[in-house]
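The block underneath contains the structure these notes are about, expressed in structure tokens.
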Amino acid sequence: MNKRLPWLFALWAVLACGCFNVTDELTIETGGGGTFSTRIDATRMMEMMKMMETMMPDSAKDQPSLKDMNLKDSLLKTWTDLEKTPGISEVKRNVENDAVFTVSFRFRDVDALNRALASRSKDSSGNVKDPSSYTLEKGRLVCNLSSLSGMGDMMKGLGEMPGADADSAAMNMEMIKMMLGDMKYTTIHRVPGKVVDYTNKKAKLSPDGRTLTLEIDLLDQETVHSMHNDIKFK
């Protein structure tokens, strides 16, 4: 068997657990409430799974196949208790196609928003990494998120397969980039006034001065990614 095949099948298993392009969109309204949505685009993952299935030898046929992966149901069950969260309303789960999904809701205040987001920042032990994802006061919104919704941990060491030296790890990551293309985590923050200052200079301010967009390349392992942003507006 080709020596690269075990690595490819390991990669297939990782990707099957969920490598997505994710866009989080937060809109803060004048009264302190607002809307939040997350869009998950798993198109590249689906393509990879199909490609990996064609490369599998007979000895690997007992692994879960694409038809066995109930991806749609899994993603639509995200935040299953969202409707029961105090201060959360108008919850919607939308399927654009077999690989693109959106979950959105309204929140009464930032405390309700934090309660809704807490479940998504749990680690493997069930501990919440970001209990207060956002703080809001007059003319100031602070993004306290640090976990990349768990995606940073998922990508860490992806190229470092067992027994691989530094050169092999680098080659593995280059192969992943080549096969997956872009893998982005994007946050969009809209505030009810003109932004006058913000601390995360990697974010881009819209022409109208009310929206900040931060795009993180999850395959960029050489950069220390920070989502923290202290946004002042008036």
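The values are calculated or read from the model by the stated rules, or taken from the named source; none is laboratory data. Since the model is a prediction, treat every value here as computed from it, not as a measurement. Backbone-built Cβ (ideal geometry, glycine too); neighbour counts: all protein chains shown. Ligands, DNA and RNA are stripped out before the accessible areas are found, and what is left, the full protein with its side chains, is counted by its heavy atoms. Shrake-Rupley method; radii C 1.70, N 1.55, O 1.52, S 1.80 Å.
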- Hey, could you check segment 110-156 for residues that are modelled with pLDDT of 60 or more, among the small types (Gly, Ala, Ser) and touching a helix residue (DSSP H, G or I) at 6+ places or on another chain (Cβ under 7 Å) and say which is surrounded by the fewest Cβ atoms within 10 Å (Cβ to Cβ)? Ser132
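Restricting attention to segment 76-109, which residues are part of a loop (DSSP other than H, G, I, E, B), open to solvent by 30 Å² or more (accessible area, probe 1.4 Å) and of a type outside the set (S, T, N, Q)? It would help to see each step written out before you state the result.
Restricting attention to segment 76-109, the residues satisfying the condition of being part of a loop (DSSP other than H, G, I, E, B) are 77-81, 85-87, 98-99, 108-109.
Restricting the remaining residues to those that are open to solvent by 30 Å² or more (accessible area, probe 1.4 Å) gives 77-78, 80-81, 86, 98, 108-109.
Once the filter is applied, which keeps residues that are part of a loop (DSSP other than H, G, I, E, B), open to solvent by 30 Å² or more (accessible area, probe 1.4 Å) and of a type outside the set (S, T, N, Q), segment 76-109 yields Lys77, Asp81, Pro86, Asp98, Arg108, Asp109.
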- The residue that is least open to solvent (accessible area, probe 1.4 Å), considering only those in segment 181-227 that are part of a loop (DSSP other than H, G, I, E, B) and of a type in the set (Ser, Thr, Tyr), is Ser206
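Is it fair to say Glu83 is modelled with pLDDT of 85 or more, on the phi > 0 side of the Ramachandran plot and more than 18 Å from the chain's Cα centre (by Cα)? Quick ask: steps written out before the conclusion?
Working: modelled with pLDDT of 85 or more: yes; on the phi > 0 side of the Ramachandran plot: no; more than 18 Å from the chain's Cα centre (by Cα): yes.
Answer is no for this residue.
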- For Gly159, state whether it is at pLDDT 55 or above, open to solvent by less than 10 Å² (accessible area, probe 1.4 Å) and farther than 21 Å from Thr38 by Cβ. no
- Note on the structure: Pairs returned, first residue in segment 25-51 that is over 16 Å from Ser104 (Cα atoms) and at pLDDT 95 or above, second residue that is assigned to a strand (DSSP E or B) and not hydroxyl-bearing (Ser, Thr, Tyr), beta-carbon separation under 9 angstrom, 6 or more apart or interchain, are Gly32/Leu136
